[in-house]
Amino acid sequence: SATPTPIANVRITTHAYPNYTGANVTANWQTGTNYYPRGTNVTLRASDTFAYAGITYYFQGWYENGYRISSSNTCNITANNDRDITAQYDDEMGDDYVYFWTDSNPQYGGTTNLDRNGGVTYYKKGETVWIQATPSEGYEFIGWYIGNKTFFSSSASTFFAANSSMGITARFKWTGGGGTQ
């Protein structure tokens with residue numbers, strides 16, 4: 001009877017560049033260098049962002065031998081030979097991200113919130129963004145406007161897909177009652 005040939009293990013190494021503390025990069029939830037039977041499906045995972053020394057770094061893609069093999073921070077590879085794969089980060093957003101900010105008109109007419117606590121917030125393209133406007137006493141919400149000019153939505157609380165960077169203004173109208181005009 002023939003003896004089966006053992007399946008050779010191959011080495012998969014994952015790491016981040018730059019390699020600062022805070023980047024979470026794994027292959028099948030394992031960090032560093034690991035060995036897998038040839039032909040095994042391996043899932044690579046990298047954090048979208050991480051901060052080091054007050055600078056935020058953004059995932060740009062998985063690279064092997066200088067070529068990008070995926071722009072998704074989670075992807076699958078086959079352990080068909082020894083592989084050294086890098087999760088590339090940069091301190092600039094790159095083309096895969098957009099940013100939003102909200103404000104109120106008039107400023108004292110109400111408050112605005114992005115689902116990530118307001119301010120300027122970065123999103124991966126296609127990700128769902130939630131915004132909410134809350135009128136101050138004596139004001140009512142009129143609508144959301146892009147750049148304070150183009151009508152966007154009449155719903156005080158709304159969702160939309162993050163496709164391009166923009167500022168969104170919540171307009172409020174004085175209706176009387178309490179508060180200051």
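The values are calculated or read from the model by the stated rules, or taken from the named source; none is laboratory data. From a predicted model like this one, the values you see are computed outputs, not experimental measurements. Don't worry about glycine lacking a Cβ; one is built from the backbone with ideal geometry, like all the others, and counts go over all protein chains shown.
Annotations for the structure displayed:
- Residue within segment 115-125 that is modelled with pLDDT of 80 or more, within 27 Å of His15 (Cα to Cα) and not in a loop (DSSP other than H, G, I, E, B) present: no
- One residue stands out in segment 126-161 among those that are in contact (Cβ under 8 Å) with a residue 40 or more places away in the chain, more than 26 Å from the chain's Cα centre (by Cα) and not in a strand (DSSP E or B): the one that is nearest to Gly109 (Cα to Cα), namely Ser136.
- Residue identified as more than 22 Å from Lys124 (Cβ to Cβ), modelled with pLDDT of 85 or more and touching a strand residue (DSSP E or B) at 6+ places or on another chain (Cβ under 8 Å) among Asn76, Asn41: Asn41
- Set Tyr99, Tyr108: member being of a type in the set (Phe, Trp, Tyr), surrounded by fewer than 18 Cβ atoms within 10 Å (Cβ to Cβ) and in a strand (DSSP E or B): Tyr99
- For segment 12-69, the set of residues classified as in a loop (DSSP other than H, G, I, E, B), surrounded by fewer than 16 Cβ atoms within 10 Å (Cβ to Cβ) and of a type in the set (A, V, I, L, M, F, W, C) consists of Trp29, Ala53, listed by residue number.
- Qualifying positions in segment 73-94 - assigned to a loop (DSSP other than H, G, I, E, B) and over 19 Å from Ala51 (Cα atoms): Asn80, Asn81, Asp82
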